[in-house]
Amino acid sequence: MKTNKNENTEEQILNAAKNVFQVKGMDGARMQEIADKAGINKAMLHYYYRSKQLLFEAVFKTAFSLLAPQLNTILNDDSSIEDKIRNFTLNYITFISKHPYLPNFIIQELNRNPDFILKMKNNLGFPNLEKFKKQVKTEVEKGTLKPISAEQLFINILALNIFPFVARPLIMAFTNTNDKAYKQLIENRKTEVADFIINSIKNT
């Protein structure tokens, strides 16, 4: 069993690594810089993580595990498609507003090492779309929803929620907004995105 000291040291390492990887990426990060930021020597860092790749994977898993189970719970509860869209959007935007580094961090790793996500698929809490797909198909057949595949609907939900965080500087430039105005823009999207998607798929 790990001691509290060991757990605290590992937490310091992961937090330091997260900050360095976020700014410099996997290739630009240096183990010495991470050790310095964590307040330990390089030998101690290598005691916990033998390589930069192993450390990056640990940071990535921690980051992904914060978000994925929440999204999976929403996709697989017994709520309606409309409520799922609203809850997914509200939870995602609220969560990412508190952890703004996550989208770029995850996308960066997916681009750098696309096979790595395959390892994550077997983890408990990884989003499962099967119930969502059946639900969408049923609603389309009943005529409640316009014809759309669950896959396309899910991509639309992801894209509309993720893009404003990934492209924050671009959006701020295009809309001529400062930090305060951008935060309000994001806050408004908690309902704007859901309303837009629901209105586009509902049969009136």
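The values are calculated or read from the model by the stated rules, or taken from the named source; none is laboratory data. Treat the numbers as computed from the prediction; the structure is a model and nothing was measured. A quick note on method: Cβ atoms are made from the backbone with ideal geometry, for glycine too, and the neighbour counts reach across all protein chains shown. Remember, those area values only see protein heavy atoms, side chains included, never the ligands or the DNA or RNA. Shrake-Rupley method; radii C 1.70, N 1.55, O 1.52, S 1.80 Å.
Listing for the model above:
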{"quantity": "Tally of residues being open to solvent by less than 70 Å² (accessible area, probe 1.4 Å) and farther than 17 Å from Ile106 by Cα across region 17-32", "calculated": "1"}
{"quantity": "Filtered residues of region 67-83 (kept if open to solvent by 60 Å² or more (accessible area, probe 1.4 Å) and over 15 Å from the mean Cα position of the chain (by Cα))", "calculated": "Asp78, Glu82, Asp83"}
{"quantity": "Top-ranked residue of region 33-66 - restricted to ones that are in contact with a Leu (Cβ under 7 Å, 6 or more places away or on another chain) and within 24 Å of Pro114 (Cα to Cα), ranked as most open to solvent (accessible area, probe 1.4 Å)", "calculated": "Thr62"}
{"quantity": "Single residue of region 168-197 satisfying the filter (of a type in the set (Lys, Arg) and surrounded by fewer than 13 Cβ atoms within 10 Å (Cβ to Cβ)) that is farthest from Leu153 (Cα to Cα)", "calculated": "Lys180"}
{"quantity": "Considering residues of region 84-128 that are modelled with pLDDT of 80 or more and in contact with a Pro (Cβ under 9 Å, 6 or more places away or on another chain) only, the residue surrounded by the fewest Cβ atoms within 10 Å (Cβ to Cβ)", "calculated": "Phe126"}
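The rows are residues; the columns are (1) under 27 Å from Ile81 (Cβ atoms); (2) under 18 Å from the mean Cα position of the chain (by Cα); (3) in contact (Cβ under 8 Å) with a residue 60 or more places away in the chain.
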{"position": "Lys142", "(1), (2), (3)": "yes, no, no"}
{"position": "Pro147", "(1), (2), (3)": "yes, no, no"}
{"position": "Phe165", "(1), (2), (3)": "yes, yes, yes"}
{"position": "Phe174", "(1), (2), (3)": "no, no, no"}
{"position": "Leu185", "(1), (2), (3)": "yes, no, no"}
{"position": "Asn188", "(1), (2), (3)": "yes, no, no"}
{"position": "Asp195", "(1), (2), (3)": "yes, no, no"}
